[in-house]
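> Starting off with a structure, shown below.
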Amino acid sequence: MPKNKEIALSRKLFPKEFVWGAATAAYQIEGAVNKDGRSPSIWDVFSHTPGKTFQGETGDIAADHYHRYKEDVKLMRELGLNGYRFSISWPRIIPEGKGAVNSKGLDFYDKLVDELLANGIEPFVTLYHWDLPQVLQEQGGWKERATSQIFVEYADVVTRRLGDRVKAWITLNEPWVSAVTGHITGEHAPGETDIIAGVRVGHHLMLAHGLALPVIRQNMTRKDAEVGITLSTTYVEPGDDSTEAKDLALLVDVISNRLFLDPIFKGHYPKELPENFLLPMLPLEPGDLEIISRPVDFLGINYYFRTLPLNVEDFTTYKIRQYQPPESQFTAMGWEVYPDGLYQILKRVHQEYFPGKLYITENGAAFEDVLEESSSGPVVHDAERQEYLSQHLQAALKAVQKEIPLAGYFAWTLYDNFEWAFGTDKRFGLVYLDYPTQRRIIKDSGRWYSRFLQG
Ligand code: FCB
């Protein structure tokens, strides 16, 4: 069996221009939080607040990428990547949130982009991956409509500087998680637990995305440049045959997947949302939906797991009881491994929303990795992650073969990093990070990916 799989899965079966990458995010890898004029982001404040993260860990050092970016680009090249998705830290670029530009911050990304291009790696740049400057949070953050416009100024500064070289711009990473996990469940920065705040934040993020699009377009002077957005997705099926589970599955799908797909691609919030739920809280103004539904060049899909709702535990914090199939495998995050869900999501998004072009901007798994010494040096035998990757690439291949316009795959993540509230406890990397020494050790999964890429 595995033999057949290996034969079936070949890079050659994907389009020639397919982008093969890995993804990261600024706060998860950069460290150097006080360097060269960077100001604190909401994640600095949150992670330094007792009780918010695993063992009180912070991103103060993380993978020290700010100092080691050259070594890291070399690593990407060694793996054989031809794409790299990273995010820009807003508080490095505009430490006061708005106004004065910190040229040292821009210089860092300028050098990174050049280093990537010199190594044949296409830069895919996310403008916002959750690290709002804390000064803006103190003025209400994304709850305030003004923040959407301030984001446009930041996007303008960055794209003006890098727009001649960056292949793809991603306005936002997973606005759903910013809104819900940051403002309703409180598990992420800024740690609020207020449904009204969450709804306002979600809408203002959508608005920021739409407002920024024409500005980014104007600044992206590279001929083949593209702009889009990355959304979180999950494949939803009822946890059992009950009417309760079936109804709930529809609702969870609306909330988890369609809440932002509908406004972006259809120009309205999901019509299936129950009356008097979420919609009355929206700070919607005339013209907003036209702005939000401006055309994008691609949609970035982040896919990790399937959701099997059974019943509601607590709707105000979006806690849903789920069925856990006994035959299924679960990752260290407790997420079900369900590769066909990736194919189902790609198919559905293609058929219902016609984004024109799709990238898988994140996909990967955390497992309990063990660093071992061997005669040839340190090794990490992460067979489960390798299998996860291989199965999800099979699903991606199926999508390509069914003529779904999938143009790239970015594994989450290049190396182990600061996994938000889970700190260094959850490892998703293709490369193992030995935090005390900052040594990067390619895991078996990384070697497998690299062999796959090198044919
Ligand atoms: C996604 C995030 C990414 C990482 C992975 C595991 O939701 O975009 O930063 O945390 O999950």
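The values are calculated or read from the model by the stated rules, or taken from the named source; none is laboratory data. The shown structure was predicted, so the numbers you read here are calculated from the model rather than taken from an experiment. When we count neighbours, we look across all protein chains shown, and the Cβ atoms used for this are built from the backbone with ideal geometry, even at glycine. The accessibility values were calculated without ligands, DNA or RNA, using every heavy atom of the protein model including side chains. Shrake-Rupley method; radii C 1.70, N 1.55, O 1.52, S 1.80 Å.
> Quote the accessible area belonging to L289 in square angstrom, nearest 10, computed with a 1.4 Å probe and with ligands, DNA and RNA left uncounted.
Roll a 1.4 Å probe over it and L289 shows about 30 Å².
> Under unit Cβ charges (Lys, Arg +1; Asp, Glu -1), what dipole magnitude, rounded to 20 debye, does the chain have relative to its Cα centre? Intermediate values should be presented prior to the final figure.
Details: 48 positive and 62 negative charges, 322 e Å.
That gives a dipole near 1540 debye.
> Could you rank W142, W176 by how accessible they are, 1.4 Å probe, largest area first?
Values: W142 5, W176 40 Å².
Descending order: W176, W142.
> Calculate, in nm to one decimal, what D60 and D247 gain on full extension: separation in residues at 0.36 nm each, minus their alpha carbon distance.
Numbers: separation 187, 0.36 × 187 = 67.32 nm, distance 4.40 nm.
Additional length available on full extension: 62.9 nm.
> Right, another one. For V215, what accessible area in Å² do you get when you roll a 1.4 Å probe over the heavy atoms of the protein chains, rounding to the nearest 10?
40
> Next question. Can you return the lysines within cross-link range of K271? Criterion is Cα-Cα under 29 Å, with same-chain partners fewer than 8 residues away left out.
Leaving aside lysines fewer than 8 places away in the same chain, those within reach of K271 are K143, K246, K319, K347, K357.
> Which residue, chosen from Y338, I150, P295, occupies the Cα position most advanced towards the positive end of the dipole of the stretch 11-453, where the dipole is computed from +1 (Lys, Arg) and -1 (Asp, Glu) charges on Cβ about the Cα centre?
P295
> Next question, about the same structure. How do Y109, Y435 stack up against each other in accessible area, from largest to smallest, with a 1.4 angstrom probe?
Values: Y109 0, Y435 50 Å².
Order by accessible area, largest first: Y435, Y109.
> From the helices alone, meaning DSSP H stretches of at least four residues, give me the mean residue ellipticity at 222 nm for the chain, per-run term -39500 (n - 2.57), in deg cm²/dmol to the nearest 500. Before the final figure, lay out the partial values.
Numbers: 16 runs with 175 residues, N = 455.
Calculated mean residue ellipticity at 222 nm is -11500 deg cm²/dmol.
> Treating cross-link reach as a plain straight distance, find the lysines whose alpha-carbon is under 16 Å from the alpha-carbon of K426, omitting any fewer than eight places away in the same chain.
Cross-link targets: K52, K443.
> Any idea what the relative contact order of the stretch 11-453 is, in percent, if you count C-alpha pairs under 8 Å spaced at least 6 apart? Mind showing how you got there, number by number?
Details: 939 pairs, mean separation 76.9, N = 443.
Relative contact order for the stretch 11-453 comes out at 17 percent.
> Could you pull out every residue, at least 5 positions away or on a different chain, whose amide H is within less than 5 Å of the one on V236? Hs are placed 1.01 Å off N in the peptide plane, and Pro or chain starts have none.
Those qualifying (amide H under 5 Å, at least 5 residues apart or on another chain) are T307.
> Would you work out the charge dipole size for the stretch 286-337 about its Cα centre, treating the Cβ of every Lys and Arg as +1 and the Cβ of every Asp and Glu as -1, and quote it to the nearest 20 debye? Intermediate results must be reported in sequence, preceding the final value.
Values: 4 positive and 7 negative charges, 24 e Å.
Dipole about the Cα centre, nearest 20: 120 debye.
> Further question on the same structure: Is the shape of the stretch 11-453 rounded, prolate or oblate, going by the alpha carbon gyration tensor and its root eigenvalues a ≥ b ≥ c, with a/c under 1.5 for rounded and a/b larger than b/c for prolate? Walk me through the numbers on the way to the answer.
Details: a/c = 1.29, a/b = 1.07, b/c = 1.21.
In terms of gyration-tensor shape, rounded.
> Still on this structure: Is the stretch 40-82 best put as rounded, prolate or oblate by its Cα gyration tensor, with a ≥ b ≥ c the root eigenvalues, rounded for a/c under 1.5, and otherwise prolate when a/b is larger than b/c, oblate when not? Write out the running numbers ahead of the final one.
Details: a/c = 3.55, a/b = 2.84, b/c = 1.25.
Because a/c hits 1.5 or more and a/b exceeds b/c, the stretch 40-82 counts as prolate.
> I would also like to ask the following. What ³J(HN,Hα) values, in whole Hz, does the Karplus curve 6.51 cos²θ - 1.76 cosθ + 1.60 give for the stretch 364-377 when θ = phi - 60°, with x put for Gly and Pro?
Here the 3J(HN,Hα) series is x, 8, 9, 9, 7, 7, 10, 7, 10, 8, 10, 5, 9, x Hz.
> With unit charges on the beta carbons (Lys and Arg positive, Asp and Glu negative) and the dipole taken about the Cα centre of the stretch 413-455, which residue among L430, G455, Y415 sits farthest to the positive side?
Projecting each Cα onto the dipole axis, the largest value belongs to G455.
> I'd like the Karplus ³J(HN,Hα) series for the stretch 289-295: coefficients 6.51, -1.76, 1.60, θ = phi - 60°, whole numbers in Hz, and an x wherever there's a Gly or Pro.
5, 5, 5, 5, 9, 4, x
> Mind giving me the FRET efficiency for D314 and D107? R0 is 41 Å, r the Cβ-Cβ distance, nearest 0.05 is fine. Don't skip to the answer; put the middle values down first.
Working: r = 47 Å, r/R0 = 1.14.
E(calc), rounded to 0.05, equals 0.30.
> Hey, can you grab everything whose amide H is under 5 Å from the amide H of T230? Only 5+ residues off in sequence or another chain; H modelled, so Pro and N-termini drop out.
Long-range HN contacts for T230: T171, L172, E174, G300.
> Let me ask something else about it. Could you tell me which of Q351, P325, H381 has its Cα farthest along the dipole of the chain towards the positive end, charges placed at Cβ (Lys, Arg +1; Asp, Glu -1), taken about the Cα centre?
Q351
> Follow-up. With every atom except the alpha carbons ignored, what do you get for Rg and Dmax of the stretch 109-184, in angstroms?
According to the Cα coordinates of the stretch 109-184, Rg and Dmax are 14.4, 43 Å.
> Taking the Cα centre of the stretch 26-66 as the origin, how large is its charge dipole in debye, to the nearest 20, when only Lys and Arg (+1) and Asp and Glu (-1) carry charge on their Cβ atoms? Don't skip to the end; give the middle numbers.
Values: 3 positive and 6 negative charges, 24 e Å.
Roughly 120 debye for the stretch 26-66.
> Oh, and also: Please give the net charge around G341, taking every other residue with its beta carbon less than 11 angstrom from that of G341, where Lys and Arg add +1 and Asp and Glu add -1.
Values: positive: R306, K347, R348; negative: E237, E336, D340.
That sum, taken over residues with Cβ under 11 Å, equals 0.
> Sequence-distant or interchain residues sharing an amide H contact under 5 Å with V431, placed H: which?
Under 5 Å from the amide H of V431 lie the amide H atoms of Y415, D416, K443, each far enough along the sequence or on another chain.
> Continuing with the same structure: If you take the beta carbon distance between A146 and T221 as r and set R0 to 30 Å, what does 1/(1 + (r/R0)^6) give as a FRET efficiency, to the nearest 0.05? It would help to have the intermediate numbers written out before the result.
Numbers: r = 29 Å, r/R0 = 0.96.
Using R0 = 30 Å, I get an efficiency of 0.55.
> Have a look at the DSSP beta bridges in the stretch 11-453 and tell me what percent are antiparallel, nearest 5. Before the final figure, lay out each step's value.
Numbers: 14 of 51 bridges.
DSSP beta bridges in the stretch 11-453 are roughly 25 percent antiparallel.
> What are the ³J(HN,Hα) values, in whole Hz, obtained from phi via the Karplus relation 6.51 cos²θ - 1.76 cosθ + 1.60 with θ = phi - 60°, for each residue of the stretch 241-249 in sequence order, with x given for Gly and Pro?
3J(HN,Hα) across the stretch 241-249, in whole Hz: 7, 5, 4, 4, 5, 5, 5, 5, 4.
> Then there's this: Which distance in nm do the two modelled labels at R348 and D434 give, with both placed 7 Å along the Cα-to-Cβ direction?
Reported label-point gap for R348 and D434 is 4.4 nm.
> Now, a different point. Summarise the accessible area of the chain (1.4 Å probe, protein heavy atoms) by the percent that is carbon and sulfur. Don't skip to the answer; put the middle values down first.
Numbers: 9130 of 17840 Å².
Using a 1.4 Å probe with all protein chains present, the chain comes out at 51 percent carbon and sulfur.
> Solvent-accessible area of M333, probe 1.4 Å, all protein chains present, reported in Å² to the nearest ten, please.
My reading of the accessible area for M333 is about 40 Å².
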